[in-house]
Each structure stands twice: as C-alpha cells, then as structure tokens.
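The values are calculated or read from the model by the stated rules, or taken from the named source; none is laboratory data. Just so it is clear, the model here is predicted, and its values are computed rather than measured. Because the Cβ atoms are built from the backbone with ideal geometry, glycine has one as well, and the counts that use them run over all protein chains shown. For accessibility, only protein heavy atoms count, side chains too; no ligands or nucleic acids. Shrake-Rupley method; radii C 1.70, N 1.55, O 1.52, S 1.80 Å.
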Amino acid sequence: MENFKIDVDADGVATIVFDVPNRSMNTLTASVMQEIPQWVERVKTDDAIKGAVLTSGKASGFCAGADLGDMASGMLGGADLQAAYDAGWRLNGALRALETCGKPIAAAINGLALGGGLELTLACHYRVVEDDPKIQLGLPEIKVGLFPGGGGTQRLTRLVGVQAAMMAMSEGKSFRPNDAKGAGIVHEVVEKGQSVDAAKAWIKGAPKAVQPWDEKGFKLPGGGPYHPAGIQNFLVGNAMIRKQSWGNYPAVLNLMKAVYEGVQVPMDAALRIETRYFIKTLMTPQAQGMIRSLFLSKQELDKGAVRPAGVPKSDPKKVTVLGAGMMGAGIAYVQALAGIETILIDRDQESADKGKAHVADLLRKRLSKGAIDQAKYDALLNSVTATTDYDLIKGSDLVIEAVFENREIKADVTRRAEAQLAPGAVFGSNTSTLPITGLAEASVRPEDFIGIHFFSPVDKMMLVEIILGEKTGEAAIAKALDYVIKIRKTPIVVNDGRGFYTSRCFGTYVAEGMAMLEEGYNPVLIDNIGRMTGMPRGPLEMHDDVALDLSVKIAKQTAEDLGDKYQPLPGSEIVRRMVEDLGRYGRKNGKGFYDYDVKPKVIWPGLADLAPVKINDSTPEMVEDQKRRLLFRQAVEVARCWEEGVIDDPREADVGAILAWGFAPWTGGPITYIDQYGLKAFVEQADAYAARYGDRFAPPQLLRDMAAKGETFYRRFAGKKAAA
C-alpha cells in the first residue's frame, strides 16, 4: 500500500501508520479510501493479528479530513446520481467494514483529526489522544457548506446524544483533547508520544470488538425522536437551525434530517441515509460555491497563487509597526506569533507601552488556554519592542504604517521611517481608504511602497488586502505576499482606487441600509433583512460597529479630494447630525443607531425623529426582494471594481469578500453569486433595481457584454494571475 504501513509486533498487535506520501498532512484522498478496505481485510483475516492500532506518521497531524477537490470532482463529474452515491458511499462502506471486522481496532490520535479524519477514528473501537494543545478534534464540514459524510452524523450522535452532537456539527466546533474526553468523543488522554503504547495496552486487555450501537439493547443517549425528552431536541433544534441559518444553508437542514431519520434505524441503514443527504447537499449551488471559495480558492491563495513568478522567496525577520493603537498592536501580536522581531513605535512612550500591553493581553489568553507555556509567553512578548525611537527601524525588512487616516500624518511617518530603511526594504501602508499612489508621493522609493490593509480585530480577521500603487514593483508585491503568508493570513492583491476593493464594496452594504432608512423602512426591519441575507450583521448595527464618526471623517476627506465630483451617500446627513449634533458615534461610545446601555441593545428611539418610519409591515415577497437588493448592490459594485481593473481574479474577489466584510458565505462570494444567478438574469434584475432606486444599481458594460455572450466570470477569468 502507498498510504499505510503495517507492522505486527510479537504480541500480535498491528500498528497501522497512516502516511500519505509527498504531503505535509494526511487527507482522505481517493487512493487512501481504496486502501482502507485492504488493511481492514488483512486485520480481519490474518490469524496472527489480534488487533490493530491506527496512528499517523505525520508530525503535523493525524488527518485533516477529506480532500475536497478530489472528492468533489469524483462525485460531481457527471449527472449520474447513482455514480455520485457510489462515490459518496466508498468511505462509509469502508469504515463500516472497519468497525465490524471482528477484531479490536484503536485509534492513537497523535495530531489534529478533523472532518473525515475524526470520522475515521470514530469507526475505531477505542480512541486515545495525546495531551497536546495544538490538537483539535472536530467535524467542521458545515463551514464549507457540507456536513459529515463519513458516518459522523450517526456515530457522534450515538456517542454523545442528539443535542450535543447537533450543536457540535452545526457549529463546526473543535475540541481540545481533554474537552473531547469530557464530551465522550474519546476514551483516554495520554502524554505526548504515549498514544500508541496506550492503545496497544487496551488491545492486550482483550476487549470486545463491537461498537456500542451494534450491541443488543443499545439506547441512544438522551433519547430519540419518539422519546419524551428526545423529541425536544428536534422541536427546539428546528427553531435553532432557522435562527442560525435563516434558511440559506441546505447543509444544516439536511444534517438534522440525516440525524432524525438515522437514529431510528440500525447503523447500516443509517449510514446509507447519511450518504443520500450528503450527496444531495454536495450537489447544491451553496455547497459547490462554498467549497470552491472557502476551501479550494482560499487554499491556493494561502500558498501564494498570485505571487509574481521569478522573484526569489523572502523571509522577513524584523518588521516595524508605526502606530501602537488597537490595529498596530494587533499586527505586532500576529508578527510575534510568527516569530518576527517587532519594533512597535508611537509618538510617546506611554502610547507605545499601551500597545505592547495589548499584545501581552492577547498572549495571556493563549497562556491561560494552554496553547503556550510561560517560557514561550516571555519569549514572544520580549520579541516586541515598544519605543518612540525611529533609529530602531534600522535592519527592518518591512515597515507597516498603521497611524491615523490622515494624509499629512502618514506622509510624515513615511519620510521618517524610510530614512532608516536599507535598499529593498518595503514600506506598507495599512490605510483602508486613501489611494496608495497618492500616499506614495511622500516616498523617495515608490517602487517599494505598497498598501497592506489589515482588518480589525487583527488577531481574528484572516484576510490581508495588498494594494498596488502605480509604481509598486514586483519585488515589493512578492515580499508583501511572503510576509502575509508568514503571519498565517490569506492575502489578496488588488489595484489602487479609493476604498480599494474591500472597503469600497463593504461600504455599499452599509449605504444601502441607510438608503432604506431614508425611504422610511423600520430600522428593526432593515437589520433583520440584512441578517436574513446571510450577512454577519444588519447594515445599521454594522455601521455602529465601524463607527459613525469615522464615516463622517471619510466623507469629508472624500469630498475634499473629489471636489465637484463628490456625491453624498444615502443617509449621510442623518449620520452627520447623529455625530456632530448628538454625539452618537456608534458602539464605541455606546450610542449610535442602537443604545448599548441596555442588554440586549435596542434601536435608539430618537432615530424616528431623524428618519420617520413609513414602511413597518413586511410580506415574504417584500423581504425576499429587499434581501436581493442588498446582495445586488454589493455584487454590482464588485463588478464595477472588476471593470475598472481594481480586481481581476475571481478567487480573490470571492474569498476577499467573504473574509473581509462577511459577504453572505452561502453564495460562495459575489462573483459566484453573479455566475450562479446567471449573467443575463442578473443584468435584467439590476436594471429593474436601477429603475426603482437609482443608477448605483446600473450594471457596468462588462456585465452586459458577458451576458450577451453567455459567459461567466469563472470560465472567462479563472486562473488569470496564476497563469501569468
């Protein structure tokens, strides 16, 4: 076998080492799934084997789950449902054969086991996991529009009960080793390096090689659908699923159906039920879009798919951050975790120290969770130097400027920092709206000047937007990408323009919510409709989150820059009055569209005086129309960015939109949304909205041309940068 090695010891215990060649992490490829039945059959038929221990030969983990690209191509290669079902059943059939082979099989989990990787261990009769804070156990398939399809819906439910299993699977929750034992997912937690010995010890104790659910008289923990207590899980679960998904994610509903039907029948029938619902889910546009964007495309971008060819790899060792506010301190934190020496500079020592204190707070959280020990905490914190001294910049490979959004201040720190930089070092501005080409005018080496836009909070937001100025060179692009990949973020590369890609398109969601407010929609209705689209928050509460006073400042700067060409956004006068006349800045001072001094927050009653309510009632048809309106407004702006050359890779457009501003993940991103809606139908609907609401909905000529030719973005533009 290529992926498994078997060694039988003197006691008749076979150690089966899972080690996919030429990969840093084990995944369930088609080849792996073909070989599982082979070693299962040997364990079953070889009289010299008393039992088996399954472990990983990788230092990085046990198994990261199914190879989604491999799996999707195998199951969606044609329209033959039987062939898709057979492909989907391959893993389930193999794992069922494993657990019914008649001999005890234990899993020695010596690294993370996620998705199909955990499902593989659940089919084993005993599970031992090492006590390592880096190890995670979970079934996260829901995050890419799927649910567990390798027996997870049935085995986990029979282990821990409907309520606990549904919560874990519908949230994609991961467990640390001791938490997994407490939940009943694993049997034993041992010291690092001891899992194989512990698993062998269990086998030598001559245990029964039968799963609990295959024993006569097995009862589902907590009861099933017809149990007085168990029925509550499904009654309440339906409501919770609706609240969680707003009906946008077929995977969540199909997950509950698989559990509901599966727990009422024997395991063999239950697994076939799971496979049918899994294939049904896999064939939905939501799953296909999410798999492509959130797994395949994201993975490609994480590996530097758009990095300029021919530029030598760089490895930044020392990076300076200018500005020690929440953003700068967050950047310093992720740099420290990546092993980068960090100089954190602010205008006075007190501000610099405050920034380092924030780094300490974040590191302390990791310490309290056992993710790092005290020695590691001290080393990471000591790698950050808080100072006001620009001389300490010397030797930096990169400078990240994260000061206030003011062109003059940015120009000043640019000149001061560049005076300390060696040739070839890169200067990156963390601006969210100011054009990079304009900021680069303060630079004496614009070819090394680039935008590196982080999102707040930096420790949680996974995207970094790299923005090119007119004179930015390929070496600077490559070095910026190498830096972002080193700090374990996902990079996208866009061209210059006001608001770039993410801020510009995100702003349309907030602005359209303001337009609805001006039109007289009840603010509660506006935010509920926003949430129902699949956006993380309603447009008004999201406006509060980013700060109303920031919107006013950006509007003033934009008006100053554009002069007569400036056009106020919908609702801008309402926001100006709230900020300048009433001191309502948003969540940060507890007063915005919402009042935050009560729990839960409530719409500020005074808003009705600034924006009288005219539309208070809703119908399903109206809600669907307004949901589509909010999504279309963003998607049209994305298409405009494309036509203007701000962005030109569908992977970056989709992944960037989902990770940066939370564009409804169920769509797969705005480009996938347009493609799946159909270019012709999209243009017609956009024109209808333009007639009702204004030219901001008018589709650009690019969309009209593509619609006329029957094109899609992914067929016409896929891999453009990668090919270059």
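Every residue in segment 503-533 that is open to solvent by 10 Å² or more (accessible area, probe 1.4 Å), farther than 11 Å from Ala611 by Cβ and touching a strand residue (DSSP E or B) at 6+ places or on another chain (Cβ under 9 Å), please.
Across segment 503-533, the qualifying residues are Ser503, Val524, Leu525.
Which of (1) open to solvent by 30 Å² or more (accessible area, probe 1.4 Å); (2) of a type in the set (Gly, Ala, Ser); (3) touching a strand residue (DSSP E or B) at 6+ places or on another chain (Cβ under 9 Å) is the odd one out, the single condition Ala164 does not satisfy?
All conditions pass for Ala164, except number (3).
Working carefully through the options Arg307, Arg276, find the one that is basic (Lys, Arg), assigned to a helix (DSSP H, G or I), touching a residue at least 12 places away in the same chain (Cβ under 8 Å) and buried (at least 17 other Cβ atoms within 10 Å of the Cβ). Before you say what the answer is, go through the steps one by one.
Details: Arg307 fails: assigned to a helix (DSSP H, G or I).
The unique qualifying residue is Arg276.
List the residue pairs whose Cβ atoms are under 9 Å apart, where the first residue sits in segment 203-216 and is without any contact (Cβ under 8 Å) to a residue 60 or more places away in the chain and over 17 Å from Thr15 (Cα atoms), the second is of a type in the set (A, V, I, L, M, F, W, C) and outside any helix (DSSP H, G or I), and the two are 6 or more positions apart or on different chains.
Pro212/Phe218; Trp213/Leu220
Results for (1) among the small types (Gly, Ala, Ser); (2) under 19 Å from Leu139 (Cα atoms); (3) at pLDDT 95 or above, shown as yes or no for each residue.
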{"position": "Met169", "(1), (2), (3)": "no, yes, yes"}
{"position": "Lys173", "(1), (2), (3)": "no, yes, no"}
{"position": "His187", "(1), (2), (3)": "no, yes, yes"}
{"position": "Ile203", "(1), (2), (3)": "no, no, yes"}
{"position": "Lys216", "(1), (2), (3)": "no, no, no"}
{"position": "Gly224", "(1), (2), (3)": "yes, no, no"}
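Exactly one condition in (1) modelled with pLDDT of 95 or more; (2) closer than 22 Å to Trp89 by Cβ; (3) of a type outside the set (D, E, K, R) is false for Leu282; which is it?
(1)
Among Val32, Val53, Val43, Val17, which is assigned to a helix (DSSP H, G or I) and either closer than 25 Å to Gly205 by Cα or not aliphatic (A, V, I, L, M) (or both)?
Val43
(1) without any contact (Cβ under 8 Å) to a residue 24 or more places away in the chain; (2) part of a loop (DSSP other than H, G, I, E, B): which one isn't true of Ala48, the others all being true?
Failing condition for Ala48: (1).
If we scan segment 163-179, do we find a residue that is within 30 Å of Gly534 (Cβ to Cβ), over 27 Å from the mean Cα position of the chain (by Cα) and part of a loop (DSSP other than H, G, I, E, B)?
Within segment 163-179 (the criterion being within 30 Å of Gly534 (Cβ to Cβ), over 27 Å from the mean Cα position of the chain (by Cα) and part of a loop (DSSP other than H, G, I, E, B)), the answer is no, since none of the residues qualifies.
Select, from Pro228, Pro207, the only residue that is touching a Gly at 6+ places or on another chain (Cβ under 9 Å) and assigned to a loop (DSSP other than H, G, I, E, B). It would help to see each step written out before you state the result.
Working: Pro228 fails: touching a Gly at 6+ places or on another chain (Cβ under 9 Å).
Result: Pro207 is the single residue among Pro228, Pro207 that is touching a Gly at 6+ places or on another chain (Cβ under 9 Å) and assigned to a loop (DSSP other than H, G, I, E, B).
Among the residues that make up segment 170-184, is at least one of them out of contact with any Cys (no Cβ under 9 Å at 6 or more places or on another chain), over 19 Å from Ile135 (Cβ atoms) and open to solvent by less than 40 Å² (accessible area, probe 1.4 Å)?
Yes, segment 170-184 has at least one match.
Search segment 143-161 for residues being at pLDDT 95 or above and β-branched (Val, Ile, Thr), and hand back the single one that is surrounded by the fewest Cβ atoms within 10 Å (Cβ to Cβ).
The extreme case among them is Val160.
I'm trying to understand the selection: among the residues of segment 115-137, which are over 16 Å from Arg176 (Cα atoms), open to solvent by 10 Å² or more (accessible area, probe 1.4 Å) and part of a loop (DSSP other than H, G, I, E, B)?
Within segment 115-137, His125 is the sole residue that qualifies.
Give me the helices (runs of 4 or more DSSP H) completely within segment 630-724, filtered to those with at least 1 residues that are among the aliphatic types (A, V, I, L, M), open to solvent by 30 Å² or more (accessible area, probe 1.4 Å) and modelled with pLDDT under 95, ordered by residue number.
In segment 630-724, the matching helices (runs of 4 or more DSSP H) lie at 720-723.
Within segment 577-591, identify whether any single residue is closer than 15 Å to Glu512 by Cβ and touching a residue at least 12 places away in the same chain (Cβ under 8 Å), and answer yes or no.
no
Here is a yes/no grid of residues against (1) open to solvent by 30 Å² or more (accessible area, probe 1.4 Å); (2) modelled with pLDDT of 95 or more; (3) more than 31 Å from the chain's Cα centre (by Cα); (4) not polar (S, T, N, Q):
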site	(1), (2), (3), (4)
Asp7	yes, yes, yes, yes
Pro37	yes, yes, yes, yes
Lys44	yes, yes, yes, yes
Val53	no, yes, yes, yes
Met75	no, no, no, yes
Asp80	yes, no, yes, yes
Leu98	no, yes, yes, yes
Ala107	no, yes, no, yes
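Would you confirm whether any residue within segment 138-150 is part of a helix (DSSP H, G or I) and over 17 Å from the mean Cα position of the chain (by Cα)?
no
Please work out which residue is surrounded by the fewest Cβ atoms within 10 Å (Cβ to Cβ), limiting yourself to segment 420-448 and to residues that are of a type in the set (A, V, I, L, M) and touching a Gly at 6+ places or on another chain (Cβ under 8 Å).
Ala422
Out of the helices (runs of 4 or more DSSP H) lying entirely within segment 544-621, which hold 1 or more residues that are of a type outside the set (A, V, I, L, M) and open to solvent by less than 70 Å² (accessible area, probe 1.4 Å)?
In segment 544-621, 548-562, 572-576 are the helices (runs of 4 or more DSSP H) which contain 1 or more residues that are of a type outside the set (A, V, I, L, M) and open to solvent by less than 70 Å² (accessible area, probe 1.4 Å).
Mind checking which residues of segment 489-500 are more than 20 Å from Lys565 (Cα to Cα) and open to solvent by less than 20 Å² (accessible area, probe 1.4 Å)?
Lys489, Thr490, Pro491, Ile492, Val493, Val494
Name the one entry in Cys63, Cys124 that is over 28 Å from the mean Cα position of the chain (by Cα) and of a type outside the set (Gly, Ala, Ser).
Cys124
Just one of (1) farther than 30 Å from Pro133 by Cα; (2) out of contact with any helix residue (DSSP H, G or I) (no Cβ under 9 Å at 6 or more places or on another chain); (3) at pLDDT below 95 trips up Leu392, so point out which.
(3)
Restricting attention to segment 300-320, does a residue exist that is at pLDDT below 95, closer than 23 Å to Gly151 by Cα and under 16 Å from the mean Cα position of the chain (by Cα)?
No, the conditions are met nowhere in segment 300-320.
Can you find, within segment 255-266, the residue that is nearest to Phe663 (Cα to Cα) among those that are outside any loop (DSSP other than H, G, I, E, B) and open to solvent by 10 Å² or more (accessible area, probe 1.4 Å)?
Going through the qualifying residues, I end up with Met256.
Determine whether Val189 is in contact with a strand residue (DSSP E or B) (Cβ under 6 Å, 6 or more places away or on another chain) and open to solvent by less than 80 Å² (accessible area, probe 1.4 Å).
So Val189 fits the description; yes.
Which residues, counting only those in segment 468-488, are within 20 Å of the chain's Cα centre (by Cα), under 21 Å from Asp654 (Cα atoms) and open to solvent by less than 10 Å² (accessible area, probe 1.4 Å)?
Within segment 468-488, Leu481, Val484 qualify.
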